[in-house]
Every structure is written in C-alpha cells, then in structure tokens.
Amino acid sequence: MRNTEVGLRAMAIVGLAVLASGCSSIRDHRGYLIDPALTDSMQPGIDNRLSVERALGQPTFKSQFGKQTWYYVSIDTKQAPFTRPRTKDEKIIKIDFDPKGNVSSVSREGMEKVVRISPDGDKTPTLGRDRSFFEDLFGNIGAVGALPGGGAQQGGPAGSGPNGS
C-alpha cells in the first residue's frame with residue numbers, strides 16, 4: 001500500500017510538471033541574425049554593395065524606388081499561452097548606397113521606431129447609414145427589377161416613338 005501511494009504521488013508530480021510546461025512562454029526569432037562584429041565593421045566610404053553582401057549576406061529587403069537602401073531586420077517575439085505573439089525586441093540595420101554603389105551611411109534603429117496601433121473597438125466606422133439585421137435581410141425586396149429613380153419606363157415598344165416609326 002505504501003508503494004502505491006509513492007507511485008501515485010510521483011505520477012501526480014510528473015503530470016503537474018507536464019501541464020505546467022505547456023503554460024510556458026514561447027520565444028521566437030524572425031529575420032536576420034545580427035552579428036555585432038560584422039555589422040559594426042560596415043563603414044561609409046570604404047565598403048560597397050559587394051563587400052556588404054559578402055559580410056552580411058542578402059538583406060531582408062531592398063528599396064524599390066529612389067536611393068538604393070538595404071534593410072536587415074531582426075525581430076524577437078514572445079508569446080504567452082493562448083495569446084498572440086508580441087514583439088520583445090526589434091533591430092533594423094539600414095545601409096544607404098550612393099549611385100556608384102558605395103556605402104553612404106549606416107544606421108541602427110530599434111524598438112523606438114515601432115508604432116503601437118490600438119484599434120477603436122471591434123467595428124470599423126464607415127460612411128453611410130446604420131442598417132439593422134432585418135433591413136439588410138429584407139431591404140432589397142421590391143427593389144429587384146425596379147428602374148432607377150422609380151419613374152415610368154421611357155420609350156415603350158419599338159415603333160411607338162413620336163413619328164410612329
């Protein structure tokens with residue numbers, strides 16, 4: 001009987017440990033893995049596109065218009081159980097190039113540039129009138145086949161014009 005109690009307690013402890021591990025936070029990394037030694041070595045006027053690509057690899061994305069700019073984006077997220085992932089840390093390395101392909105500037109930005117948007121409620125405001133469920137459901141009854149403006153049909157059968165032709 002004593003061994004049974006010890007076995008049940010052990011199973012209960014293991015079961016609680018398994019359940020508790022399911023409630024732990026999930027940490028994730030997305031994007032570029034930043035190596036400070038490599039990113040700090042990029043210098044304006046010395047490096048060019050080829051040297052940057054060899055040192056840092058392909059950028060996360062490149063500018064499509066205007067001045068040629070490469071962006072290396074690194075995002076660390078954390079997700080508590082039953083919630084959406086939240087950005088914990090974000091780093092962006094922005095490298096600008098001159099028309100000849102040489103590095104003109106290197107900037108490092110982080111969470112200070114991230115904007116938090118708080119939507120206004122659970123409905124999107126729209127122009128127009130508010131319609132109830134029944135107005136939406138039955139609103140078009142009688143409107144099918146009706147002419148715009150509600151006027152009488154113009155013209156009539158062929159040949160019934162003012163000339164009789």
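Among residues of segment 13-41 that are farther than 15 Å from Arg54 by Cα, those with a Cβ under 8 angstrom from a residue that is aromatic (Phe, Trp, Tyr) and at pLDDT 85 or above, sequence gap 6+ or separate chain, pair up as Gly31/Tyr72. From the list Thr60, Thr87, exactly one residue is free of Cβ contacts under 8 Å to residues at least 60 places away in the same chain, surrounded by 14 or more Cβ atoms within 10 Å (Cβ to Cβ) and under 16 Å from Tyr32 (Cβ atoms). Which is it? None of the others qualify; the one that does is Thr60.
Condition check: among the hydrophobic types (A, V, I, L, M, F, W, C), surrounded by 15 or more Cβ atoms within 10 Å (Cβ to Cβ) and at pLDDT 90 or above. Does Ile95 satisfy that? Answer is yes for this residue.
The condition of being outside any helix (DSSP H, G or I), farther than 28 Å from Val115 by Cα and out of contact with any Cys (no Cβ under 9 Å at 6 or more places or on another chain) holds for only one of Gly15, Gly45, that being Gly45. Restricting Ser51, Ser74 to residues that are at pLDDT 85 or above, surrounded by 12 or more Cβ atoms within 10 Å (Cβ to Cβ), over 16 Å from Glu109 (Cα atoms) and of a type in the set (S, T, N, Q) narrows the list to Ser51. Taking segment 49-96 as the range and being among the charged types (D, E, K, R) and part of a helix (DSSP H, G or I) as the test, the residues that pass are Arg49, Glu53, Arg54.
The values are calculated or read from the model by the stated rules, or taken from the named source; none is laboratory data. Keep in mind that this is a model prediction, so the values were computed, not measured. Note: ideal-geometry Cβ built from the backbone for every residue, glycine included; neighbour counts use all protein chains shown.
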